[in-house]
C-alpha cells in the first residue's frame, strides 16, 4: 500500500520545546464500513478495527440478528468475528483484550442486574476466548451509558473499568451523580460485593456518550483521560477515592479549526510528551470526519486533518480515535461510523546530524500539495517541499509557485 505524506502533516507542524517536528502519514483508509446505526463504536488495534454490531430484533419479515463484533483490516471485512453485545460500547483494556457492553440499549435502567447476570464481555482477539464478567455483586449501576473508554490493566488478570455515574434516576444519585464508578477485577473475577468504588471528585458534563480512558502519561504515571463531547477534555490523577487534575485547553486555530462536539477524543504519550487527538471542524457542532493532534499545553495543533464531507455521516455525533505507541511511532486509528476508517502513523523527524563528519548530500526532493498529492516538481499554488538527505534527516519548507 502506497503511503502519502499529508500536506497538513507538514504545513501545520509545530516546533516543540526541543525543536522536534513530527511527520504524520496516512497508512491506509477505507470507506468499506457498516452503515447501520447499530454499529456506533469501534476501536483500532494491531492493524485492525473491531466494531460492535448491537444486533436487531425480529420483524414480521426478517429474523433477529444476534449481536456480533466485526473485524476489518486493510483489505476490508475479515472472515473472523466474535460474539458482541446488545449495547453500542466496545473498547479494549491495556493488555489488548476487547471489552463489549452487555447492557441493553437504550434506557437509564439498562444496567440493573442480579448476581448471575454478566454485564461486560472480555474477548481475547488472538485466541477468540470469550469471558463474561459482572460489574460486581451489590454494586450500584451508573445509569445509561452507551460507550466505553479504555480499561486499566488486564481485566482477565488484574484491571479496572471506569464508568461515568451519570443519571439522576440511578440509585444513590444524590451522592454519586457526576462521579466515576470504578470496578475491580482480579484473576478473571470481579472482586466481591465491594468492588464498586466511586471516584468522588465531581466531573463535568456526563452524558450517555462520555468516555473515561485509562492512560499513562509521558512521565509514566497512571491517569484517566475524561472526555465529554460537550467540553474540553480533562487529565486526572488518582488520590485515593478522589481525582486531581486539570482541563486540557483545545485552542481554535487562526483559520477557525476547533474541537467539535463529537465523542471520540483520546490521549497518548510519546517522545517524552503528552498529546491529545480529537475530532475537529470549523464549528463545535460540525459532526464530520476531521481530527487534530495537539501537544498538551501548545497553542496550536501540530497536525490537522480537515473534514472531507459537508454532511454529518451519523446522527449520534461520534468520531472515534485511539492510538497505539511503539517506541517513537504512534499509530492512530480513526473510525467514523457510517463514513470511513483510516490509519495514520506519527513519527519524529530527526533534524540533528549524528556524525558531524558525515557528508550531508541531498537524496531527493518531493513536493506535496493541499490535497496530499506528491510530485517531483511543484504544483501550482502552495506546496510543501520535503528534502531528504543522505544522512537520514529531512527538511520541510513552504513554497508557492
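Structure above, values below:
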{"quantity": "Filter result for the condition that a residue is in contact with a strand residue (DSSP E or B) (Cβ under 7 Å, 6 or more places away or on another chain) and either modelled with pLDDT of 80 or more or surrounded by fewer than 18 Cβ atoms within 10 Å (Cβ to Cβ) (or both), over 311, 336, 343", "calculated": "343"}
{"quantity": "Hits in region 314-333 (condition: in a strand (DSSP E or B), in contact (Cβ under 8 Å) with a residue 24 or more places away in the chain and out of contact with any strand residue (DSSP E or B) (no Cβ under 6 Å at 6 or more places or on another chain))", "calculated": "none"}
{"quantity": "Out of 184, 227, sole residue that is buried (at least 21 other Cβ atoms within 10 Å of the Cβ) and either more than 21 Å from residue 265 (Cβ to Cβ) or in contact (Cβ under 8 Å) with a residue 24 or more places away in the chain (or both)", "calculated": "227"}
{"quantity": "Breaking point among (1) within 27 Å of residue 26 (Cβ to Cβ); (2) in contact (Cβ under 8 Å) with a residue 60 or more places away in the chain; (3) part of a strand (DSSP E or B), for residue 279", "calculated": "(2)"}
{"quantity": "Residue selected from region 259-276 under the condition touching a residue at least 60 places away in the same chain (Cβ under 8 Å), part of a strand (DSSP E or B) and more than 26 Å from residue 146 (Cα to Cα), by the criterion nearest to the chain's Cα centre (by Cα)", "calculated": "270"}
{"quantity": "Residue ID - surrounded by the fewest Cβ atoms within 10 Å (Cβ to Cβ), chosen from residues in region 246-271 that are modelled with pLDDT under 95 and at positive phi", "calculated": "256"}
{"quantity": "Residues of region 35-49 classified as surrounded by fewer than 16 Cβ atoms within 10 Å (Cβ to Cβ) and in contact with a strand residue (DSSP E or B) (Cβ under 9 Å, 6 or more places away or on another chain), total", "calculated": "3"}
{"quantity": "Residue 96 being surrounded by fewer than 15 Cβ atoms within 10 Å (Cβ to Cβ) and at pLDDT 95 or above", "calculated": "yes"}
{"quantity": "Candidate set: region 230-241, residues that are touching a strand residue (DSSP E or B) at 6+ places or on another chain (Cβ under 9 Å) and surrounded by 14 or more Cβ atoms within 10 Å (Cβ to Cβ); chosen: the one farthest from residue 216 (Cα to Cα)", "calculated": "231"}
{"quantity": "Hits in region 108-135 - residues which are modelled with pLDDT of 65 or more and more than 22 Å from the chain's Cα centre (by Cα)", "calculated": "117, 118, 119, 127, 128, 129, 130, 131, 132, 133, 134, 135"}
{"quantity": "Of residues in region 150-166 being part of a loop (DSSP other than H, G, I, E, B) and either more than 24 Å from the chain's Cα centre (by Cα) or modelled with pLDDT of 85 or more (or both), the one surrounded by the fewest Cβ atoms within 10 Å (Cβ to Cβ)", "calculated": "157"}
{"quantity": "Enumeration of residues in region 182-220 that are at pLDDT 85 or above and within 21 Å of residue 157 (Cβ to Cβ)", "calculated": "182, 183, 184, 185, 186, 187, 212, 213, 214, 215, 216, 220"}
{"quantity": "Residues of region 288-312 satisfying the condition of being part of a loop (DSSP other than H, G, I, E, B), more than 16 Å from residue 267 (Cα to Cα) and within 18 Å of the chain's Cα centre (by Cα)", "calculated": "288, 289, 306, 307"}
{"quantity": "Strands (runs of 3 or more DSSP E) within region 177-228 that include 1 or more residues closer than 24 Å to residue 40 by Cα", "calculated": "179-186, 211-216, 222-227"}
{"quantity": "Selection count, region 230-243, where residues are over 17 Å from residue 323 (Cα atoms), in a strand (DSSP E or B) and either free of Cβ contacts under 8 Å to residues at least 24 places away in the same chain or under 19 Å from the mean Cα position of the chain (by Cα) (or both)", "calculated": "4"}
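The values are calculated or read from the model by the stated rules, or taken from the named source; none is laboratory data. What you see is a predicted model; the values in this text were computed from it and never measured. Neighbour counts are summed over all protein chains in view; Cβ atoms, including those assigned to glycine, are modelled from backbone coordinates with ideal geometry.
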